[in-house]
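See below for the structure under consideration.
Since every read-out is calculated from the coordinates, none of them should be taken as a lab result. The structure presented is a predicted model; accordingly, all values stated were derived computationally and were not measured. Positions of Cβ are backbone-derived with ideal geometry, glycine not excepted, and every protein chain shown enters the neighbour counts.
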């Protein structure tokens, strides 16, 4: 059986219908095979019977791109739309990031799903489930969206109409990985190669429960697995191996605590992808909707300035030296003290014995990466301040976007 999980046996667009712990209706392919008048089949099925049903129920879309239907042309509307996650930690972190960039989302009624950003009057904010953020972005119902890279990969499925504007918004960090039982026949399995070498067969395939069907299908095919069945579940996937419903899981991992508490482990080579919040857009909207590229420029400029500054502290220290040039040279010779483009050095005046101002010290101002702060300052009498923005002449990701679209900045009003 191919690593495509017997997908050729069913229509390619059929979604995984079998749900672990679901009602009998979730295995409708078995129930429909009973002839009228015959006795009902026993509720407990053989492994082969269960797997045969699951292989049909879990067929996936094999084609490149997404299965989401697209309109031939974008709908006509006067406003531009940004979709944000509506619930959970991702939603909270998204709103906080926009607030930190002076782009607070104004939502008059907490029950409403439409909001505004005062600084961007031509932009509507729509709150959607994470999966719908991607789907509506693909169909053009929204023009921009903030979503996790994992959800973009699963639902977007490499859709050419999806453009990633910023892939590192510095929140929602996690990774998609395999969770393998720590005991039993998996006790000695510590790598992907060892997992693949186990005696899986068509009668006893590797059963993987996951909410990321598209990603899982591609992953196991690329890694050379055969005899794999993907299962779907709502909720706590970690319980499935202990219940005997699945062999392993494929799910998001943040700290790994939940895996360990459920007697699961990560294995070498078992990380599929790393994920965090990302700003994405509809390619056709970028090219066709007036004003959207200008809004993208402002969003990227603010995001880049804040995220860059968030990694640094501003440090001011008084230093002795014969001249400003001498102090500057001492700082420049240390990579940790050189700052972004070099230190700013100025005289510090103190009151002398004769009552006159005398320059005995120099104040040096530099930007230091947060993780290198203590090795850099190495003493006391130093003023440390957080930074809010570090504006570049032009955000690198903006230049990359223009190159991707084949658009010249001269044709845009970026004033």
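Odds and ends about this structure:
- Each peptide in 349-361, 256-268 receives the mean, over its residues, of other Cβ atoms within 10 Å, and ordering these scores from highest gives 256-268, 349-361.
- Here the label points at residue 234 and residue 190, each 7 Å from Cα along the C-beta direction, are separated by 4.0 nm in the simple model.
- Across the range 312-386, Cα pairs under 8 Å and at least six residues apart give a relative contact order of 46 percent.
- Computed from the C-beta positions of residue 385 and residue 197 and an R0 of 51 Å, the FRET efficiency is 0.35 to the nearest 0.05.
- Spin-label model, residue 268 to residue 409: label points 7 Å out along the Cα-to-beta-carbon direction sit 4.7 nm apart.
- Base-10 log of normalised Debye intensity for the range 119-186 (one unit scatterer per alpha-carbon) at q = 0.12 Å⁻¹: -0.42
- The order of the peptides 279-287, 188-196 by mean Cβ neighbours within 10 Å, most packed first, is 279-287, 188-196.
- Normalised by 2.2 N^0.38 Å, where N counts its residues, the alpha-carbon radius of gyration of the range 312-386 equals 1.15.
- Given R0 = 51 Å, the distance between the Cβ atoms of residue 356 and residue 92 translates into a calculated FRET efficiency of 0.35.
- Over the range 230-366, relative contact order from alpha-carbon pairs under 8 Å, at least 6 apart, %: 16
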